[in-house]
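Derivation of every value follows stated rules applied to the coordinates shown; laboratory data play no part. Just so we're clear, the structure is a prediction, and the values are computed from it rather than from any experiment. Don't worry about glycine lacking a Cβ; one is built from the backbone with ideal geometry, like all the others, and counts go over all protein chains shown.
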Amino acid sequence: MAPPPVSDMASIFVQIGGHTEVNAQGCHITNYVPAANGYVQVRWRGVKYYCHLLAAVMQMQRHPMPGEEASHLCGDKRCVRPSHMTLESGALNKTRSYCAYFREDPNLVCLHDPACL
Ligand SMILES: [Zn+2]
Ligand SMILES: [Zn+2]
């Protein structure tokens, strides 16, 4: 089944936005209950979507290509702020956990593009 047009998905994303709170890091944290993997899902037109994937689609204005994942620049799985998201390979996405882990270390040099937050 072809994914819905990105322009159609704005409506469900607005609905998710009504269920968020901004934290100290500027993340938009949903108050939906996360799945066991820590990610929040929403049902739209009979299909379940990860909210952070919808946020990444809103940010990039396209769907992920094969092998790409929705990736958090902020390292917070519950965040659905589009500007904290990108689409990139799963391998690259995994390397961001290093930056997230050492976020408080002033010696951390992030080489990601877009950079981690
Ligand atoms: Zn965030
Ligand atoms: Zn980084």
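General remarks:
- 5 angstrom amide H check on Glu88, placed H, neighbours 5+ away: Glu69, Ser71
- Candidates Val42, Val80, Val14: whichever shows maximal mean-square fluctuation once the chain is modelled as a Gaussian network with Cα springs under 10 Å: Val14
- Take the Cα of Ala100, step 7 Å toward its Cβ, do the same at Ala24, and the gap between the two points is 1.9 nm.
- Per-selection Rg to Rh, the chain - Cα, Kirkwood hydrodynamic radius: 0.96
- Using θ = phi - 60° and Karplus 6.51 cos²θ - 1.76 cosθ + 1.60, couplings along region 27-33 (whole Hz; Gly, Pro as x): 6, 9, 9, 6, 9, 5, 7
- Positive minus negative residues near Glu88 (Lys, Arg vs Asp, Glu; Cβ under 12 Å): -1
- Here is the P(r) of region 59-107: all C-alpha pair distances, binned every 5 Å from 0, give 5, 21, 27, 24, 14, 6, 3, 0 in whole percents.
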